[in-house]
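Data block below; observations after.
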Amino acid sequence: MSLAIDLLSGFCLLAGGLLCITGGVGLLRLPDFFSRVHAVGLTETLAAPLLLVGLALQMGWSLDLFKILMVVILVLVTNPTATHAMAKAALHGGHPPKLGGTHDEAEEHASSKV
């Protein structure tokens, strides 16, 4: 049973680490704010809980395990909410999303909706 828990823990830690790396690459490589927020929001919403579950599997039954599980729940609730709030604030602040064409087309599209 210990080997299965160690393997599952290792898989969670590895997958969480890879997702953190892909989120960082997406943050650096994507063209505009909205696609960057989308990439990082998706990857970090899954990466942080995977890393925390990987750590929780290595712990015994204790108060620390309960604390980590509470942090997992907090991350799963707050990450999507924060991502949505940032994107909505940027949109209401007049920062138009890039729509696949040139930047001028995106501005024309955004100004026609106002």
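Before moving on, here are some points about what is shown:
- Three-way shape label, the range 1-51, alpha-carbon gyration tensor, a/c 1.5: prolate
- Farthest positive-ward along the chain dipole, Cα basis, beta-carbon charges - from G10, N79, A56: A56
- Surface share of carbon and sulfur [accessible, 1.4 angstrom probe, percent] for the chain: 73
- Taken about its Cα centre, the chain carries a charge dipole of roughly 180 debye when the Cβ of each Lys and Arg holds +1 and the Cβ of each Asp and Glu holds -1.
- In order along the range 4-10, the Karplus-derived 3J(HN,Hα) couplings, from 6.51 cos²θ - 1.76 cosθ + 1.60 at θ = phi - 60°, round to 5, 5, 5, 5, 5, 5, x Hz, and Gly and Pro are given as x.
- Extreme residue, positive dipole direction of the chain, given options H95, T45, V25 (C-beta unit charges): T45
- Quick note on the chain: its Rg to Rh ratio, both from C-alpha atoms and Rh being the Kirkwood radius, is 1.16.
- Residues in the range 39-56 carry Karplus couplings, in order, of 5, 5, x, 5, 5, 6, 5, 9, 5, 4, x, 4, 5, 5, 5, x, 5, 5 Hz; the curve used is 6.51 cos²θ - 1.76 cosθ + 1.60 with θ = phi - 60°, and Gly or Pro positions show x.
- For the range 10-86, accessible area per residue (1.4 Å probe, heavy atoms of protein chains only), Å²: 63
- Distances between placed amide hydrogens fall under 5 Å for K98 paired with F34, all partners being 5 or more residues away or on another chain.
The values are calculated or read from the model by the stated rules, or taken from the named source; none is laboratory data. Predicted model, so just to flag it, every value in this text is computed and none were measured. We place every Cβ from the backbone using ideal geometry, glycine too, and count neighbours over all the protein chains shown. Quick note on the areas: whole protein, heavy atoms, side chains included, nothing else; ligands and nucleic acids left out. Shrake-Rupley method; radii C 1.70, N 1.55, O 1.52, S 1.80 Å.
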